[in-house]
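Each value in this text was obtained by applying a stated rule to the coordinates, not by laboratory testing. Computed from a predicted structure; not experimentally measured. FYI the Cβ positions are ideal-geometry reconstructions off the backbone, even for glycines, and counts take in every protein chain you see.
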Ligand code: UDP
């Protein structure tokens, strides 16, 4: 049985690392890995393949750098070519990027069954490109792997048949458990940056709603720069954020904190574990903050990971004005102990269901 996995962006490499390891250990299952090229810089792509021991992609499509429409269209065409050649039993897609949608759509049009890891997340904000990608992907998927009970309920409310939906847990939790200890052993990032455990704030910003809005980006950067005078702020800067900050004339603010290039996953885990607080608009980083029991100030108006807010670990801090953000960042808090993301064996659930379900589905259109 052949599964074509489509990845392209940083968070997908981490999710795929957890799943690929199990898929490739499943007897009778062959995985073909497609990298669309959406993220291609060494520190946004290659480092993850090396550190997380992800196999070399079988296909590297080299598509990125365009608008959403250009990227999605070019990926759709190129992935279709791969699928016609490989004739897989399943196409496996992850999360909510343009690569996810292109993979799902290419497969669905060829009547190849689609499996979606991290199905059912909703922000209910259709202005987010991620929301469009995930809603459309869920609605053409045949096997929907939901990370949480909330995600299951979102899917059922949208009329997706219950027999397609499986609550397997969160594959990012699998990755956090698997690589957490490796990070402790191997990462030297705290020494390299000369920061003390629990003595700094870790920040990440990359969502279009923040980076593409000069007012919101200025508010975030000003607040971080102010806070840095009291508590050091470590800020691995996403390439898009740097580009926009430069375009809006905000580089000077970046110089007023400890900005670094994006780091590999093991260094990131180490930075997360030891932060006093994490300020982020990332989906993955919000959850990782919780996995390591670090308070998280989320730089958004809403979040898909609502259970984190309900438990108290995560506070929504919409970047509207500098003063309230500074107040948010200088606080620390904790929350209730909850276990909404499974037991660290979500990838095993994905592999089992794919292997079992694949037999039913192997009669496809070829
Ligand atoms: N991450 C990383 N290095 C960084 C910033 C983030 O390894 O410099 C990891 C982070 O630990 C998490 C994932 O990238 O596992 C999150 O990706 P991102 O924030 O790009 O996307 P999102 O989760 O919002 O989809």
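How would segment 122-217 be classified by its alpha-carbon gyration tensor: rounded, prolate or oblate, with rounded meaning a/c under 1.5 and the a/b versus b/c comparison settling the rest?
Because a/c hits 1.5 or more and a/b fails to exceed b/c, segment 122-217 counts as oblate.
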Where a ≥ b ≥ c are root eigenvalues of the Cα gyration tensor, a/c under 1.5 meaning rounded, otherwise prolate if a/b exceeds b/c and oblate otherwise, segment 43-109 counts as oblate
Listed residues 307, 86, 130; largest mean-square fluctuation, Gaussian network over the chain with Cα springs below 10 Å, found at 86
Students often check this: by mean Cβ neighbours within 10 Å, which of 288-298, 346-356, 12-22 ranks highest, and how do the rest follow? 12-22, 288-298, 346-356
What shape does the chain have by the C-alpha gyration tensor, where a ≥ b ≥ c are the square roots of the eigenvalues, rounded means a/c under 1.5, and otherwise prolate means a/b greater than b/c and oblate the rest? prolate
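Percent relative contact order of segment 11-124, based on C-alpha pairs within less than 8 angstrom and at least six residues apart?
Dividing the mean separation by the residue count of segment 11-124 yields 22 percent.
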Once you keep just the Cα pairs under 8 angstrom separated by 6 or more residues, what percentage relative contact order results for segment 115-261? 17
Order of 282, 324, 5 from fewest to most other C-beta atoms within 10 Å? 324, 282, 5
Given 0.36 nm per residue, what is the gain on full extension from residue 70 to residue 251 after removing their alpha carbon distance, in nm? 62.3 nm
Mean Cβ count within 10 Å, highest first, over the residues of peptides 40-50, 331-341, 102-112: 102-112, 40-50, 331-341
Can you give the calculated 222 nm mean residue ellipticity of the chain, where each DSSP H run of n ≥ 4 adds -39,500 (n - 2.57) and the sum is split over every residue, rounded to the nearest 500 deg cm²/dmol? -14500 deg cm²/dmol
Ordered by fewest other Cβ atoms within 10 Å, a rough proxy for footprinting exposure, 101, 325, 254 read 254, 325, 101
If 198, 287 are placed from fewest to most neighbouring beta carbons inside 10 Å, the sequence is 198, 287
Expected output is a single nm value to one decimal: the length gained when fully extending between residue 56 and residue 153, i.e. 0.36 nm times separation in residues minus the C-alpha distance. What is it? 31.3 nm
In degrees between 0 and 90, to the nearest 10, how far off the longest principal axis of the chain does helix 10-24 point, with axes built from Cα atoms? 40
Between 170, 281, 213, find the one with the highest GNM mean-square fluctuation for the chain; connect C-alpha pairs within less than 10 Å. 213
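When only C-alpha pairs under 8 Å and at least 6 residues apart count, what is the relative contact order of segment 214-266, in percent? Numbers along the way, then the final one.
Numbers: 42 pairs, mean separation 24.3, N = 53.
Contact order relative to length: 46 percent.
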Could you work out how far apart the two model spin labels at residue 43 and residue 2 are, taking each label as a point 7 Å from the Cα in the direction of the beta carbon, and quote it in nm? 3.8
Mind checking which of 32, 168, 306 has the largest fluctuation in a GNM of the chain, springs on alpha carbons under 10 Å? 306
